[in-house]
Amino acid sequence: MTGMKNSKIKIGRRAALGMGVSTAAVMVAGGAARSANASIDIVHFFSGADHPMELVIKAFNAKNLGVTAVSRQEGTTYEAITQKAMAGIAAGRPPAVMTTGWKLASFAKHTLGAQDLRQFGADGGAIIDNYKESVVKLVTIEGSIVGIPWALSTPVLYINTEHWKAAGLDPAAIPTTIEDLYAKLGQMQQKTNKAVLAYEVNEWEPQAFIQNAGGDVLDGAGKPVMDSAAAVYGMQKFVEAKTRKLWNPIGLSEMLTAFQAGALSAMVTSSARLSGVKAQSAFEIKLAKMPGLEGRPRRMNSGGNFLSILARNKEQQAAAVQFLKFCATPEAMKIWLGTGYLNTTKHDLPIPAGQEAAYAQLADGLTPETVWPGARGLEALKAHIDWISRIVNGSVSVPDGLKGSKEAVAKLLV
Amino acid sequence: MFALQGRYAAWLFVAPAILLVAVFIYLPMVLNVGVSFYDWSVLRNEFTWKGVENYLSTLDNIDFRSAFANTAIYLAVLVPAQIALPLLLAFLMLRVRNRLLVRAYRAAYFIPTIVSFSIAGVVWLWMFNPIVGFLNTFFEAIGLQSHRWLNDPDMALWCVAAVAFWKGFGLNLILYAAALVGIPREVVEAADLDGAGPWTRALRIEIPMISPTLFFTGVTTVLIVMDEIVGVVDVLTEGGPYNSSSNLVYYLYDRAFRQFNFGEAAAVATLIIAIVAVATWLQFRAFERYVHYQ
């Protein structure tokens, strides 16, 4: 106790005044800095400090535009980051900018409250002017432009060139039709006795088959039409790989692991996976356009995500617009192309090595990923995927499975 | 100075615990039951009265019924397995005289329990990989047919059950081993002097004496199988192919946080609470009379 008494510090009137003045000065300066430098959260699911998403954010912050973008990786799937965004919105603190999957576009507009970029006047228009008209259509939901078309990918055929050479096939002459592909893979299987093909069992790749056969999953009015004769034909071609024993359906991560380990000759997956797959593989990979169906016009689909503004207050919205403005520049897009996503802008940027087939597919024209409308759209999507899985696993025939999907989806999209 | 006396003192001491349980367990349960009668838009904070419609649509949903059936299978398979096998191993471990070996066994059996689901999941995904995985490589090497494991609707549930067993049995094993070690030596010696063989000793002396532990693990294993298996399901199969490996809690997660249908998810949660409450009550009714606490 005595020690404490002795250690008491006496503060004189002058010292006290000085401290008060300096505290006030710091507060004023701090307040000024806060109002001049808005901070916005950019929610995404891309991991790694050197991921192009982080690099874009870093490059934006380096510009010192009075807005600090804070990277928030809040999960590894669209659903996971959407859950957290919803919690933030419910608490009155929505993320300023969020990465949103195409399939969630309707949900983003109606439920998350994604802002129409055109409401930001000239700034909004100027941002959109940087993008190709064909991809702006992908983010136009019921007349609203709900974000910038940031990440665009398309299903392409990945080839292990060593397997093709070992089977006496020319990796430069990749089949352009599914019928030819299956024939070639049959030959390859006989020679190499390896797993020769894998597709993803989801809604995306079957959509490519259905569209290439002349069908659709949902029509323009959002009604399910996946049981049309053309759609049935497309799905039959999809599962033909299994009935011909060229494809033993496996999960996505298993497919990627097997391909990277050199145990799989070909797989169909997103063009955006190229850099990741290449980094883990010790053989030469070639990407080819996804083969079409003989005698039917090609109509390939796309996937990926857009950046939407979820901020509700004016200051956050203005700061988010600044960020999107930067994302639309050649500088940002050049960094972003390091992911393997396609260039959605009008900027003339070099095509990354190996992505020529994906760009050729883009040049042919891509349709959007199916957008599942309505409050129960995501449920409808899951019901559709479950029916696709039943078809692939042979639990139901293709016509019955697609009919089952239509009935299930129709109930949910009322 | 003041002194706390009588029943007020007791209330004061238990008040923090009661308050926490009331606020964080019972209040949410009551609110959940309330939400289950509405269509709740979290973002607009709008409630639309739906009556029992959420319950009817849940019971009518084929995915719910399949999740319910799967939960029954998981319980029927895993509860006996996670009680009987660790008990058997605990008995065997007690017969091992080498202390170092006992510690090694204990560690080996317990490690899966403390490994996180995400790490265990990655390892098991690699093991189950139909093309480059260890299991098929091994099967092919010994001339057996390879399988699609997690991708096969007829096998996915069994793969999940196997991994859940591997992940969970160590905890019960440690509890049984500790309980068996705690049996008074003189009781065991008396049984030996009376000529009881190992089987008689186990069935008549040791198992009855560890009955509180057996009862405790019986109740907790049911809860663990209902609840914690979700981690394995999520990492390995996400409930697929087409819900063939899902369970009730995973179905609840899917409705609430993937499809954002909170009203129906609340109805599912209420049904799960009811099922767990009935199951636990039945366990108490059926088995508590056999438990000896002295």
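The values are calculated or read from the model by the stated rules, or taken from the named source; none is laboratory data. All of these numbers come straight from a predicted model, not from anything done at the bench. Here Cβ is always computed from backbone atoms with ideal geometry, including for glycine, and neighbour counts include all displayed protein chains.
In this structure, residue B:102 does not satisfy being within 14 Å of another protein chain (Cβ to nearest Cβ), without any contact (Cβ under 8 Å) to a residue 40 or more places away in the chain and of a type outside the set (Lys, Arg).
Here is a yes/no grid of residues against (1) modelled with pLDDT of 90 or more; (2) in the same structural domain as residue A:279 (by TED's automatic domain parsing); (3) touching a His at 6+ places or on another chain (Cβ under 8 Å):
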{"position": "A:107", "(1), (2), (3)": "no, no, no"}
{"position": "A:110", "(1), (2), (3)": "no, no, no"}
{"position": "A:118", "(1), (2), (3)": "yes, no, no"}
{"position": "A:129", "(1), (2), (3)": "yes, no, no"}
{"position": "A:134", "(1), (2), (3)": "no, no, no"}
{"position": "A:141", "(1), (2), (3)": "no, no, no"}
{"position": "A:167", "(1), (2), (3)": "yes, yes, no"}
{"position": "A:174", "(1), (2), (3)": "yes, yes, no"}
{"position": "A:180", "(1), (2), (3)": "yes, yes, no"}
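If you go through region A:261-298 and keep only what is within 14 Å of chain B (Cβ to nearest Cβ), free of Cβ contacts under 8 Å to residues at least 60 places away in the same chain and out of contact with any Gly (no Cβ under 9 Å at 6 or more places or on another chain), you end up with A:261, A:280.
Residues in region B:123-143 that are exposed (fewer than 12 other Cβ atoms within 10 Å of the Cβ) and within 24 Å of residue A:262 (Cβ to Cβ) were compared, and the one that is farthest from the other protein chains (Cβ to nearest Cβ) is B:142. A single entry from A:152, A:197 fulfils the requirement of being more than 14 Å from every other protein chain (Cβ to nearest Cβ), touching a residue at least 12 places away in the same chain (Cβ under 8 Å) and among the aliphatic types (A, V, I, L, M): A:152.
Of all residues in region B:139-198, those satisfying the criterion of being closer than 21 Å to residue B:214 by Cβ, in a loop (DSSP other than H, G, I, E, B) and in contact with a helix residue (DSSP H, G or I) (Cβ under 8 Å, 6 or more places away or on another chain) are B:183, B:196. For residue B:39, the criteria (1) within 14 Å of chain A (Cβ to nearest Cβ); (2) assigned to a helix (DSSP H, G or I) hold in every case but one, which is (2). Yes or no: region B:137-160 includes at least one residue that is in contact (Cβ under 8 Å) with a residue 40 or more places away in the chain, closer than 28 Å to residue B:288 by Cα, in contact with a Phe, Trp or Tyr (Cβ under 9 Å, 6 or more places away or on another chain) and not aromatic (Phe, Trp, Tyr). Checking region B:137-160: not a single residue is in contact (Cβ under 8 Å) with a residue 40 or more places away in the chain, closer than 28 Å to residue B:288 by Cα, in contact with a Phe, Trp or Tyr (Cβ under 9 Å, 6 or more places away or on another chain) and not aromatic (Phe, Trp, Tyr).
The condition (being among the aliphatic types (A, V, I, L, M), in contact (Cβ under 8 Å) with a residue 60 or more places away in the chain, surrounded by fewer than 17 Cβ atoms within 10 Å (Cβ to Cβ) and within 26 Å of residue B:173 (Cα to Cα)) is satisfied by just one residue among B:119, B:73: B:73.
No other residue among A:406, A:314, A:411, A:382 is within 14 Å of chain B (Cβ to nearest Cβ) and more than 20 Å from the chain's Cα centre (by Cα) apart from A:411. Residue check: residue B:51 meets all listed conditions (1) within 30 Å of residue B:245 (Cα to Cα); (2) at pLDDT 90 or above; (3) outside any helix (DSSP H, G or I) but one, namely (1).
Taking region A:175-202 as the search range and keeping residues that are β-branched (Val, Ile, Thr) and closer than 23 Å to residue A:257 by Cα, which one is surrounded by the fewest Cβ atoms within 10 Å (Cβ to Cβ)?
Looking only at region A:175-202, we keep the residues that are β-branched (Val, Ile, Thr), and these are A:176-178, A:192, A:196, A:201.
This time we only want the ones that are closer than 23 Å to residue A:257 by Cα, so: A:192, A:196, A:201.
Details: A:192: 15, A:196: 27, A:201: 24.
If we take residues in region A:175-202 being β-branched (Val, Ile, Thr) and closer than 23 Å to residue A:257 by Cα, then A:192 is surrounded by the fewest Cβ atoms within 10 Å (Cβ to Cβ).
Here are some residues: A:303, A:365, A:404. Which one is surrounded by fewer than 22 Cβ atoms within 10 Å (Cβ to Cβ) and in contact (Cβ under 8 Å) with a residue 24 or more places away in the chain? Just a single option satisfies the conditions, and that option is A:365. Filtering region B:245-267 down to residues that are surrounded by fewer than 24 Cβ atoms within 10 Å (Cβ to Cβ) and polar (S, T, N, Q), which residue is modelled with the highest pLDDT? Filtering region B:245-267 for residues that are surrounded by fewer than 24 Cβ atoms within 10 Å (Cβ to Cβ) and polar (S, T, N, Q), the one modelled with the highest pLDDT comes out as B:261.
With respect to the conditions (1) closer than 29 Å to residue A:388 by Cα; (2) outside any helix (DSSP H, G or I), residue B:136 lacks only one, and its number is (2).
Residue check: residue A:358 meets all listed conditions (1) within 12 Å of another protein chain (Cβ to nearest Cβ); (2) buried (at least 17 other Cβ atoms within 10 Å of the Cβ) but one, namely (1).
Just need a number here: residues in region A:355-403 that are part of a helix (DSSP H, G or I) and over 16 Å from residue A:210 (Cα atoms). Spell out how you get there, then give the answer.
Narrowing region A:355-403 to residues part of a helix (DSSP H, G or I): A:356-364, A:377-392, A:398-403.
Narrowing further to those that are over 16 Å from residue A:210 (Cα atoms): A:356-364, A:377-380, A:382-383, A:386, A:390.
Residues meeting the conditions: 17.
Per the conditions (1) among the polar types (S, T, N, Q); (2) more than 14 Å from chain A (Cβ to nearest Cβ); (3) out of contact with any helix residue (DSSP H, G or I) (no Cβ under 7 Å at 6 or more places or on another chain), the sole criterion not satisfied by residue B:82 is (3).
Of the residues that make up region A:106-122, is at least one within 13 Å of chain B (Cβ to nearest Cβ) and either among the acidic types (Asp, Glu) or surrounded by fewer than 19 Cβ atoms within 10 Å (Cβ to Cβ) (or both)? Yes, some residue in region A:106-122 is within 13 Å of chain B (Cβ to nearest Cβ) and either among the acidic types (Asp, Glu) or surrounded by fewer than 19 Cβ atoms within 10 Å (Cβ to Cβ) (or both). Within region A:59-104, being among the charged types (D, E, K, R), more than 14 Å from every other protein chain (Cβ to nearest Cβ) and either crowded, with 23+ Cβ neighbours inside 10 Å or assigned to a loop (DSSP other than H, G, I, E, B) (or both) holds for one residue alone: A:63.
Just checking, which of A:352, A:399, A:373 is closer than 30 Å to residue B:48 by Cβ, away from chain B (no Cβ under 11 Å), touching a residue at least 12 places away in the same chain (Cβ under 8 Å) and not polar (S, T, N, Q)? Full working, then the answer.
On the way: A:352 fails: closer than 30 Å to residue B:48 by Cβ; A:399 fails: closer than 30 Å to residue B:48 by Cβ.
On inspection, the qualifying residue turns out to be A:373.
Report, by residue number, each residue of region A:284-298 that is in contact with a Ser or Thr (Cβ under 7 Å, 6 or more places away or on another chain) and farther than 21 Å from residue A:186 by Cα. Scanning region A:284-298 gives a single hit, A:284. Residue pairs whose Cβ atoms lie under 7 Å apart, separated by 6 or more positions or on different chains, with the first residue in region B:9-38 and under 27 Å from residue B:264 (Cβ atoms) and the second outside any helix (DSSP H, G or I), are B:37/B:49; B:37/B:50; B:37/B:51; B:38/B:47; B:38/B:48; B:38/B:49; B:38/B:50.
Looking only at region A:311-353, how many residues end up being part of a loop (DSSP other than H, G, I, E, B) and among the basic types (Lys, Arg)?
First, pick out the residues of region A:311-353 that are part of a loop (DSSP other than H, G, I, E, B): A:311-313, A:328-329, A:340-341, A:343-344, A:346-353.
Okay, now just the ones that are also among the basic types (Lys, Arg), so A:312, A:346.
Looking only at that region, the number is 2.
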